[in-house]
Amino acid sequence: MDLDLTFANGQMSGDGNDDVGRFMIHGEYDAKTLECSWTKTYVGQHDVAYRGFREGKGIWGTWEITAISRGGFHIWPKR
């Protein structure tokens, strides 16, 4: 997966692509609790809801596609 994220004023946004296709990210984060949540919207397809925590090695948490499917994730910086 290739992903670019921007964090500013409690909002997060970005875009990228993976094996499913191109997607957009829109969500929010709390700088005090380090919690974040966002929706990953595949262009012309479905949405995936994410909830996680920012920490020194990236973001980790869970994802869910309605009640059909869910799992865990870890996103770490490329650099």
Q: Counting residues in the chain as N, plug N into 2.2 N^0.38 Å and put the Cα Rg over that result.
A: 1.04
Q: Hand me the GluC sites (Glu not before Pro) from the chain located in a DSSP loop with no more than 14 other Cβ atoms within 10 Å, in residue order please.
A: none
Q) With every protein chain kept in the model, how would you rank R54, R70, R22 by accessible area, 1.4 Å probe, largest at the top? A) R70, R22, R54
Q. Excluding ligands, DNA and RNA, what is the solvent-accessible area per residue of the chain at a probe of 1.4 Å, expressed in Å²?
A. 71
Q. Which value, in Å² rounded to 10, gives the accessible area of K57 with a 1.4 Å probe and all protein chains present?
A. 140
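The values are calculated or read from the model by the stated rules, or taken from the named source; none is laboratory data. Just so it is clear, the model here is predicted, and its values are computed rather than measured. Every residue, glycine as well, gets a Cβ built from its backbone with ideal geometry; the counts of neighbours run over all protein chains shown. These area figures cover heavy atoms from the full protein model, side chains too; ligands, DNA and RNA do not enter into them. Shrake-Rupley method; radii C 1.70, N 1.55, O 1.52, S 1.80 Å.
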